[in-house]
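Since the structure comes first, as structure tokens, the remarks are kept for the end.
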Amino acid sequence: MFAFYNTEFKPPSRVRIFDTTLRDGEQTPGVALNIEQKVLIAKQLNKLGVDIIEAGFPAATKGEKEAVKVIKKLGLNSKICGLARCKKEDIDTAIDCDVDIVHIFIPTSDIQIKYTIKKSKEEILNIISEMVSYVKEHGVKCLFSAMDATRTDIEFLINVFKVAEESKADIINIPDTVGIASPEKMFNIVKLIRENVKIPIDVHCHNDLGLAVANSVASVLAGADGVQVTINGLGERAGNASLEQVVMILHSLYNIKTNIRTEYLYETSKLVERLTGIKVMPNYPIVGDNAFSHESGIHTHGVVQKPETFEPGIVKPEMIGHKRRIIAGKHSGIHGLEKLLKEMGYELTKEQVQKVVDRVKELGDKGKKVTEADLQAIVEDLIGGLEDKRFVELEELAVMTGNKVIPTASVKIKFKDRTLIGSDTGVGPVDAAIKAIRRVIKEVEDIKLVEYRLEAISGGSDALASVTVILEDQRGIKSIGRAVREDIVMASVEAMIQGINRIFLIRERIK
Ligand code: KIV
Ligand code: ZN
């Protein structure tokens, strides 16, 4: 029977994190990042504490080579790696980018040898020896991958890695290229390779059967000292192992550390989601929007008393920069909604909260998703709105936009007895106006725009625009602002001002 722990082997106390979001992650169908976007992601991965960033495949396109060069020039703490086939021209292109590590790969499985590379096994061993040596002669570190390792004849795979080691490769990589290994199989392959070579071992697991994370963890328990992963599990087909999940499992279940600053995981996931356009499923572990959200009455009741009642506890939202949320819906209970309403600034009696619960359940039964804005409307309908006390007033607004001008907004705002003036630019007039307001208000409080929703109420070019914003201050107090106008910029600005006033009102109430 398979034993999940290699009893003679002690797992490393620290595992190397090789992030391939910018290479395998970019191979996600439909994703193409420009240089600026790649630079933003590389800087974020560096902030996150990734040991090695695979910045791209320099021989693939001119833009790819340029991106790898630019990323290397940033002088990040993370080491920069470039991918190359076992061909001198690919390796030269990678070296030309001044990378710290060249990652070379060659297929080794029978099926790949027969249909793709079409060379004998002996020829493959010679190429490996020649190409690893070629990289090393240039004074650059070499990472060698046996592509499709998990479908490779095991005796041949051992030879492949021995040749790479003899040729002075710095790290060898065992890819589960088509994601067909089980955790047991991955464990056994890694264990066997570990017994035959001394140099560091990476694993690179694909998620075709949903096992990439489990296979990566099993590999570490068998002797791998590095994992190749991506943010949000992006990658070819069903993707690669998710960095967030592998890291949190190693840290929390096995007490195996990495250099990852986990508090930046959520913001990294969000950045990659925004730049790649690939949405993270709400129920995705660790960084999904619902990972720490609770709706059902039984759960929210428990969580309000003690979060560990219905959360793992060993992984807390604040560890990864995420937030716990109580959601209003058809399964809501009185305790959860009471807490949520308090956070929104409403102090209701038990009877009033019960009425809100009843109304929310009614809407839920009709199949309607209850947003925070809906909840606010329900409460205001029931008890009247928050008093309209004004801490902040818009005195002046000027917006410049058009062809060949960067949209710019200037605002003058009165905050109590102070006058705040400032301006900002944006991708359009609405963005510029919202940024200008946030910038001037920042002198008093940093207020984040959590959500912005725009709906046209009537047809035609003079349609009424309804804008809803959800704002959040540094203490986590949330408010909703809403305005309806014919002018989208003005509707957005008024919604922002209303939301900001409400934050200050709620703060005053719960002081
Ligand atoms: O999946 C794979 O085999 C790869 C190699 C280039 C390592 O991405
Ligand atoms: Zn891959």
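Some notes on this structure:
- With the highest mean first, a sort of the peptides 361-371, 296-306 on other beta-carbon atoms found within 10 angstrom per residue produces 296-306, 361-371.
- Residues GLU244, GLU395, GLU165, sorted so that the one with the fewest Cβ neighbours within 10 Å comes first: GLU395, GLU165, GLU244
- Dipole size of the chain about its Cα centre, with +1 on Lys/Arg Cβ and -1 on Asp/Glu Cβ: approximately 660 debye, rounded to the nearest 20.
- Partners for LYS88 among aspartates and glutamates (Cα-Cα distance below 16 Å; same-chain residues under 8 apart left out): ASP96, ASP98, GLU123, GLU130, GLU137
- For the chain, share of DSSP beta bridges that run antiparallel, in % to the nearest 5: 45 percent
- Angle of helix 429-441 to the longest C-alpha principal axis of the chain, folded into 0 to 90 degrees and rounded to 10: 80°.
- In the stretch 293-385, lysine pairs with alpha-carbon atoms under 20 angstrom apart (chain gap of 8 or more, or interchain): 27
- The value of relative contact order for the chain, using C-alpha pairs under 8 Å at least six residues apart, is 10 percent.
- With viscosity 0.890 mPa s and temperature 25 °C, the Kirkwood radius over alpha carbon pairs of the stretch 293-385 converts through Stokes-Einstein to a diffusion coefficient of 181 µm²/s.
- Based on the Stokes-Einstein relation at 10 °C and a viscosity of 1.306 mPa s, and on the Kirkwood radius from alpha carbon pairs, the stretch 213-255 is assigned a translational diffusion coefficient of 152 µm²/s.
- Rg/Rg_ref, the stretch 360-511, where Rg_ref = 2.2 N^0.38 Å and atoms are Cα: 1.09
- Spherically averaged projected area of the convex hull of Cα atoms, the stretch 1-116: 10.5 nm².
- Between the Cα long axis of helix 350-365 and the first principal axis of the chain there is an angle of about 60°, rounded to the nearest 10.
- Of ILE447, THR371, LEU83, farthest towards positive along the dipole that unit charges on Lys, Arg, Asp, Glu beta carbons give the chain: ILE447
- Against the main long axis of the alpha-carbon atoms of the chain, helix 488-509 sits at an angle near 80°.
- Centroid-to-centroid separation of the stretch 72-114 and the stretch 469-501 [C-alpha atoms, Å]: 49 Å
- Projected area averaged over orientations for the chain, convex hull of C-alpha atoms, nm²: 28.7 nm²
Read the figures in this text as sums done on the coordinates, not as results from a lab. Everything numeric here is computed off the predicted structure, so don't read it as measured data. Because the Cβ atoms are built from the backbone with ideal geometry, glycine has one as well, and the counts that use them run over all protein chains shown.
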